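Here is the structure we will look at.
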Amino acid sequence: MKSVTVRELIKNIHLKPIYGEEYLDRPIVTSEISRPGLELAGFLNFYPAERIQLLGRTETSFVASMDEGIRLEVMERLCKPETPCFIISRKLEPPKELVEAAEKAQIPILEATSKTTQVSSSVTNFLEGRLAERSSVHGVLLDVFGIGLLITGESGVGKSETALELVQKGHRLVADDRVELYQYDELTLIGEAPEILNNLIEIRGVGIVDVMTLFGAGAILDQKQVDLVVHLENWTPDKRYDRLGGYMENVELLGVEVPKIRIPVKTGRNVSIILEVACMNFRAKKMGFDATESFTNRLTQLIAENKEV
C-alpha cells in the first residue's frame with residue numbers, strides 16, 4: 001500500500017507541528033480527510049480512523065462546549081493506532097484534552113494558518129497526487145507553449161534529440177525516457193519524471209545531459225498535465241498520413257482520453273519545428289479556430305461559385 005509520511009506532508013504543505021514532533025514518520029495511506037463532527041458527539045460506529053483528522057472553528061467550539069468530564073474520554077476515542085495526525089486550522093488553540101490524548105497515543109498535532117476548507121483542499125490535492133495509481137510509459141514529456149506534449153515512438157526515432165532541441169528553443173523539459181503518469185481526476189492526466197531521472201536527457205553518442213545545469217532552472221518543470229500525445233514513426237512510402245488534420249485519434253492512458261497525432265520522421269524534416277506548430281495548432285483548436293474547417297469552408301464556397309459560372 002502506498003503511503004506518505006506526516007513529515008512529507010509538512011514539507012509540502014504550509015503546516016507546523018505543535019505537538020509530537022518525534023512522531024512525524026507516521027504513515028498516511030488515504031487522501032480522504034475527516035472532520036470529526038458526529039464522532040465528537042459520541043457516534044463512532046463508522047469512525048474513519050485511518051484518515052487525517054481536521055478540526056476547525058466548528059469542531060473546537062463544540063469541544064469547548066462539552067462537559068469537562070467527558071472531553072478526555074472522547075479525545076482518547078479519536079486517537080486510534082492508525083490515525084496519522086490531527087490538523088488544527090486557523091491557528092486555533094487545540095483542546096488540552098486532545099493534546100493529552102494525542103501525546104499518549106504518539107500522534108502528532110499540526111497547525112495550519114488557512115481556513116478549514118482551504119486546508120482540506122490543499123492536503124487532499126497533495127495526497128491524491130502522491131497516493132494515486134501510477135503508470136510508467138516510454139517517452140518524453142515537455143511543456144511547449146503551455147501545452148503538455150508527450151512524445152512517444154520506437155527507440156532510436158529521435159525523441160530525446162528532438163526534446164533537447166525544443167529545450168534549446170526555450171521550452172521546458174519534464175521527463176525524458178520514462179514518464180510517470182497518474183490520474184488527477186477523470187479528465188486530467190499528470191506526468192512527471194522518476195526521481196532518478198530528474199532533469200536528465202540521454203543523447204546517444206554524448207551520454208547523460210543535465211538540462212538544469214546547462215540551460216538553467218527555467219528549462220525544467222517538475223510535472224505537467226498531458227494535453228497532447230505525438231507519436232513519432234519512421235516514414236515509409238507505402239503508408240498514408242493525414243495531410244489535412246481533419247482526423248485526430250485518442251489514446252486512453254489510466255482511464256483518461258488524450259488526443260494523439262502521428263508524425264512521420266525522415267531526413268530533411270525539422271521535427272522540433274513541426275512539434276511546435278502542432279502544439280500551437282492544438283491550442284488554436286481549443287480556442288475555437290480550426291484551420292481544417294476554415295479550408296473546407298473555403299473549398300465548398302469555391303465549388304459553389306464555380307457551379308454558378
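Brief remarks follow.
- Residue 135 closer than 21 Å to residue 227 by Cα, open to solvent by 20 Å² or more (accessible area, probe 1.4 Å), touching a strand residue (DSSP E or B) at 6+ places or on another chain (Cβ under 7 Å) and small (Gly, Ala, Ser): yes
- The set of residues in the stretch 78-99 being surrounded by fewer than 16 Cβ atoms within 10 Å (Cβ to Cβ) and either free of Cβ contacts under 8 Å to residues at least 24 places away in the same chain or assigned to a helix (DSSP H, G or I) (or both) consists of 91, 96.
- Residue match in the stretch 165-187 (condition: open to solvent by less than 10 Å² (accessible area, probe 1.4 Å), in contact (Cβ under 8 Å) with a residue 60 or more places away in the chain, in a helix (DSSP H, G or I) and touching a helix residue (DSSP H, G or I) at 6+ places or on another chain (Cβ under 9 Å)): yes
- Hits in the stretch 44-71 - residues which are hydrophobic (A, V, I, L, M, F, W, C), farther than 10 Å from residue 92 by Cβ and within 30 Å of the chain's Cα centre (by Cα): 49, 52, 54
- Residue 84 meets all of the listed conditions (1) within 17 Å of residue 35 (Cα to Cα); (2) at pLDDT below 95; (3) not polar (S, T, N, Q) but one, namely (2).
- Pick from the stretch 193-219, criterion among the β-branched types (Val, Ile, Thr) and not in a strand (DSSP E or B), ranking: least open to solvent (accessible area, probe 1.4 Å): 211
- Residues located in the stretch 27-83, provided they are basic (Lys, Arg) and closer than 30 Å to residue 2 by Cα: 35, 51, 77, 80
Okay, residues lined up against (1) open to solvent by 50 Å² or more (accessible area, probe 1.4 Å); (2) without any contact (Cβ under 8 Å) to a residue 40 or more places away in the chain; (3) of a type in the set (A, V, I, L, M); (4) not in a helix (DSSP H, G or I):
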| site | (1), (2), (3), (4) |
| --- | --- |
| 36 | no, no, no, yes |
| 41 | yes, yes, yes, yes |
| 44 | no, yes, yes, yes |
| 50 | yes, yes, no, yes |
| 59 | no, yes, no, no |
| 63 | no, yes, yes, no |
| 69 | yes, yes, no, no |
| 73 | yes, yes, no, no |
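- Among residues of the stretch 226-250 being modelled with pLDDT of 90 or more and surrounded by 15 or more Cβ atoms within 10 Å (Cβ to Cβ), the one that is nearest to the chain's Cα centre (by Cα) is 226.
- Condition met for residue 285 (at pLDDT below 90, open to solvent by 30 Å² or more (accessible area, probe 1.4 Å) and not in a loop (DSSP other than H, G, I, E, B)): yes
- Selection within the stretch 1-34 - in a strand (DSSP E or B) and out of contact with any Leu (no Cβ under 6 Å at 6 or more places or on another chain): 4, 5, 16, 18, 19, 27, 28, 34
The values are calculated or read from the model by the stated rules, or taken from the named source; none is laboratory data. It should be emphasised that the depicted structure is a prediction, and the values quoted were computed from it without experimental measurement. Cβ: placed from backbone, ideal geometry, glycine included. Neighbour counts: every protein chain shown. Remember, those area values only see protein heavy atoms, side chains included, never the ligands or the DNA or RNA. Shrake-Rupley method; radii C 1.70, N 1.55, O 1.52, S 1.80 Å.
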